[in-house]
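Just below is one structure, and these are the notes that go with it.
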Amino acid sequence: MNNASASSSLRAAFSHCVQQVRNYDYHHYLCLLELPHNMRKAAFAVRALNVETARAMDVASDPRIGLMRLVWWQEAIDKIYANKSIEHPTAQALLSVVHENKISKGWLKRSVEARINDARKEIGDAPEKIEDLEKYAEDTMSTNLYMTLQAGGIRSTAADHAASHIGKASGLLLLIKSLPYHANRNRHFSYIPTEVAAKHGLLVKHGDQAEIHLDSREGLSEAVFEMASVANDHLQKARELASTVPAEARPVLLPAVPAQVLLDSLRRVNFDVFDPRLARGILALVIQTTIGGGGRATARLDFWDSAAIRLPSEKDKTEDAVEQSGTTWAVLVAGSNGYGNYRHQADVCHAYQILKKGGLKEENIVVFMYDDIAMHEMNPRKGIIINHPQGQDVYAGVPKDYTGEHVNAANLYAVLLGDKKAVKGGTGKVVASKPNDRIFLFYSDHGGPGVLGMPNMPFLYAMDFINVLKKKHASGSYKEMVIYVEACESGSIFEGIMPSDLNIYVTTASNAEENSFGTYCPGMNPPPPPEYITCLGDLYSVAWMEDSERHNLKKETIKEQYQTVKERTSNFNNYNIGSHVMQYGSKNLTEEKLYLYLGFDPASVNFPPNNGQLEQHMEVVNQRDAEIFFMWQLYKRSEHGSEKKREILKQIRETMNHRNHIDGSIKFIGTFLYGPKNGATVLNSVRPLGLPLVDDWECLKSMVRVFETHCGSLTQYGMKHMRAFANICNSGVSQAQMEEASWAACDGHDLGHLHPSNKGYSA
């Protein structure tokens, strides 16, 4: 490698280190900016290693893989000190600084070995005494400060002692702050010493085994107080050393500032680690040297850092560019029912959790879902709904505003318009928005050309929905609105009829003539837990939600999310297993930040605006085939020769017979009206982009009613033929002609339970 390329590679390696620390250890990133030039490169390389090892177990799909990664780093350090090149940017940066700055191998090894020992613990293992945690904190945090002092050529016993205390305090406080994360991840509090847990009534013994339980929130707060008091003692001892610490060492000791901020934040929430305000406290920093006073340092942009680094004292223009005013409202709609449609309600429940974490109030979120999934006899985890193979429960706390028979188009229209008098049943909650408010609408269901599904008839028809949006706009009762729609042919709801002057921006999972897709299904990669026989989510829906959970929504724009979701939903331009995400309406809104509609989770403040970590091809199933896919999974898992297996096979036959009946009837009507040569061509023709599906929407509804009277309900599968009915209207066929054609196609067919008198007409 020549000198120019080697220099370029090394510069890229250091830039990688900066970005890693900035993305995942933001408060220390701010501290490192205050270091003088001769220490900063080494400090970022060392901190980047700390990020790599701290995250190894969290990002691994299997704990064994995480442990292997840590052991790899242990071996990499040996290679670095043997002057062997390693193809990893953090390792490349370390190779440069350990030789240039004479960094001790012992400190690096000690920090990695502490992570390895921690990773080898069994779930539920806890340190016995708080001294054990102090040692872990020194090994993983103080060592970073020791190496930074070493890089600056600072030899001072006082500085070393202060670094030891500050590292211990920082480590203890960050372990305290991480308790909710570890509790949610594995339901254990493995960083509370058993001695402390026993003292405060948190230790429960089962024979020879003992576990820390969170039965007492008060007991947990007392345990946290005891641990935080030890951290406070370390910060006090560091202050006592201030007068003896050399001036050149004080910038290295700046991590005392975020440690003190976190300690103060714990005090403000009475040491309740589950208080959501806690996540905000450590981030409200103004970096200044507090070890022995000192003035504010000036951070300069180094030549090797290509990122535009914001000084800690500067205002964050990206977050404050748009001040949120008014209230954010949300309407979440799952338009299906039945366990085979699990994914739609899972999508909506997941969306609710994102909004709640983002700070939206329950009184401003309206949820439509049939609510027949969580307690369904086929649900292997009663009372729990998941939207990802390794996902947490998303059902807990979701309000039941409109369930069962009250999930219908009329109630949705009334809710959007804020018309309490027009609502039938449910909680009566509506979007009582004011002129300065914003609205977010998410709809997940089956669809067809010009329609979206509802578990109770009729379907939602495009022009009816657009007229509601126009009426809402005319009332002057909102500022801006964003709509996300997951359904087959969902683009047809807006194509050619969605105005661009309503201050409403829309994205859809598919264009006007293609399917959308279910994902996280049995037999796919990644698969749901083995006990599940249905798909957990939809491709477009999980794309926007998983994107939202990985980014700082005060920095990510609507446009950035659209681009990410568009790529992922296309399955990276493979449209046999993906679809075209479309956008309609007021596209000028795409420059706005997502938090204005989805809220802002304080825990995401360190996340980058868009980190591109979702580049994974997804295995999927066509939405319309998901029903058959579900029944086939049920059939495969039923006992051979059992009555249940025979009953499921009967259901599959009936479903396929109904589909064949609907398809055959439509084909016959086309032949009857246009002749055998032109029938299929006319019924299946697609209008050019920019034109609506149909010129006369009332004609479309009347043709559907005529068909269903003679041939039975379309059901969610039959939605696919809405384009045929639209083209019948567009070609000028009269209702009398449609009556005759439908009678000819279906005369003598036993409609049975599919007669529209049972569940109502689709139109």
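The values are calculated or read from the model by the stated rules, or taken from the named source; none is laboratory data. All values derive from a computational prediction rather than experimental measurement. Backbone-built Cβ (ideal geometry, glycine too); neighbour counts: all protein chains shown. What goes into the accessible areas is simple: the full protein's heavy atoms, side chains included, and nothing from ligands, DNA or RNA. Shrake-Rupley method; radii C 1.70, N 1.55, O 1.52, S 1.80 Å.
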- Which whole-number value in Å² is the accessible area per residue of the chain, probe 1.4 Å? 42
- Within straight cross-link reach of K645, meaning Cα distance under 22 Å, which lysines are found once same-chain residues fewer than 8 apart are removed? K636
- the range 557-583 residues near the modelled H617 label - backbone nitrogen below 15 Å, point 7 Å along Cα→Cβ: 568-579
- Viscosity 0.890 mPa s, temperature 25 °C, Stokes-Einstein D of the range 683-723 from Kirkwood C-alpha radius, µm²/s: 215
- Query: Which order do D233, D538 take by accessible area at a 1.4 Å probe, largest first?
  - Reply: D233, D538
- With +1 on each Lys and Arg Cβ and -1 on each Asp and Glu Cβ, how big is the dipole of the chain about its Cα centre, in debye rounded to the nearest 20? 1100
- Rounded to whole angstrom, the alpha-carbon centroid of the range 655-709 lies from that of the range 7-24 at a distance of 59
- Query: Taking the structure as given and computing P(r) over Cα pairs in 10 Å bins from 0, in percent, which label from (i) 3, 12, 20, 21, 17, 12, 8, 4, 1, 0; (ii) 3, 15, 24, 24, 17, 11, 5, 1, 0; (iii) 3, 13, 21, 24, 21, 13, 6, 1, 0 fits?
  - Reply: (i)
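What FRET efficiency would be calculated for the residue pair E195, S9, taking the C-beta separation as r and a Förster radius of 51 Å, to the nearest 0.05?
0.55
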- Task: Round to a whole angstrom and tell me the spacing of the C-alpha centers of the range 405-432 and the range 738-763.
- Result: 30
- Chain lengthening between E240 and H749 when straightened (0.36 nm per residue, less Cα-Cα): 174.1 nm
- Note on the structure: Descending packing, highest mean Cβ count within 10 Å first, for 558-568, 643-653 is 558-568, 643-653
- Ranking by accessible area, most exposed first, for W544, W743 with a 1.4 Å probe: W743, W544
- Query: Cα centroids of the range 363-377 and the range 506-551: how far apart, whole angstrom?
  - Reply: 19
- Item | Check: the range 703-763 dipole with +1 on Lys, Arg Cβ and -1 on Asp, Glu Cβ, in debye | 320
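Ranked highest first by average number of other Cβ atoms within 10 Å, how do 353-360, 342-349 line up?
Output ranking for 353-360, 342-349: 342-349, 353-360.
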- Run the numbers on the range 1-118 and let me know its relative contact order in percent, using alpha-carbon pairs under 8 Å that are six or more apart. 30
- Rounded to the nearest 0.05, what FRET efficiency do Q737 and D625 have when you use their Cβ-Cβ distance and R0 = 41 Å? 0.80
- On the full set of protein chains, 1.4 Å probe, figure out the accessible area of F442 and give it in Å² to the nearest 10. 0
- For the peptides 133-140, 377-384, 508-515, 394-401, what is the packing order when you average, over each peptide's residues, the other Cβ atoms within 10 Å and list the highest mean first? 508-515, 133-140, 394-401, 377-384
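Can you give the relative contact order of the range 664-763 as a percent, counting alpha carbon pairs under 8 Å and 6+ residues apart?
Details: 106 pairs, mean separation 37.4, N = 100.
Over the range 664-763, the number comes to 37 percent.
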- Which one of F14, M582, M703 has its Cα pushed farthest toward the positive end of the charge dipole of the chain, where Lys and Arg give +1 and Asp and Glu give -1 at the Cβ? F14
- Quick one: which residues, 5 or more positions from W329 or on another chain, have an amide H under 5 Å from its amide H? H modelled 1.01 Å from N in the peptide plane, none for Pro or chain starts. R438, I439, F440
- Determine the gain in length on full extension of the stretch K84-K759; use 0.36 nm per residue of separation and subtract their C-alpha separation, reporting nm with one decimal. 235.7 nm
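If you average the sequence gap of Cα pairs under 8 Å that are 6 or more apart and divide by the length of the chain, what percent do you get for the contact order? Don't skip to the end; give the middle numbers.
Working: 1390 pairs, mean separation 72.8, N = 763.
After rounding, I find 10 percent.
Report in % the part of the accessible area of the chain that belongs to carbon and sulfur, leaving out ligands and nucleic acids; probe 1.4 Å.
Numbers: 15910 of 32010 Å².
Carbon-and-sulfur percentage of accessible area, whole number: 50.
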- Bridge orientation stat for the chain from DSSP, antiparallel percent rounded to 5, came to 45
- Query: From a point 7 Å beyond the Cα of N588 in the direction of its Cβ, which residues of the range 458-493 have a backbone N at a distance under 14 Å?
  - Reply: 480-481
- Rounded to 0.05, the calculated FRET efficiency for the beta carbons of R705 and E643 at R₀ = 41 Å is 0.60
- Message: Between D663 and E362, what is the label-point separation in nm under the 7 Å Cα-to-beta-carbon projection?
- Response: 4.7
- Per the charge dipole of the chain (beta-carbon charges, Lys/Arg positive, Asp/Glu negative, Cα centre), the residue among N657, P435, C349 reaching farthest to the positive end is P435
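Test of understanding: what is the full-extension gain from K636 to T655, defined as 0.36 nm times their sequence separation minus their Cα-Cα distance? If you can, show how the numbers build up before the last one.
Working: separation 19, 0.36 × 19 = 6.84 nm, distance 1.69 nm.
In short, 5.2 nm is gained.
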- Note on the structure: For the range 450-568, the convex hull over Cα atoms projects on average to an area in nm² of 9.5
- Between the residues Y146, V620, V694, the Cα farthest towards the positive end of the dipole of the chain, that dipole coming from +1 and -1 charges on the beta-carbon of Lys, Arg, Asp and Glu, is from Y146
- Virtual paramagnetic centre 7 Å along Cα→Cβ of N574, amide N under 11 Å, in the range 381-420: none
- Note on the structure: Free-by-geometry Cys in the chain, Cβ-Cβ under 4.7 Å as pairing rule, reported as C17, C31, C349, C488
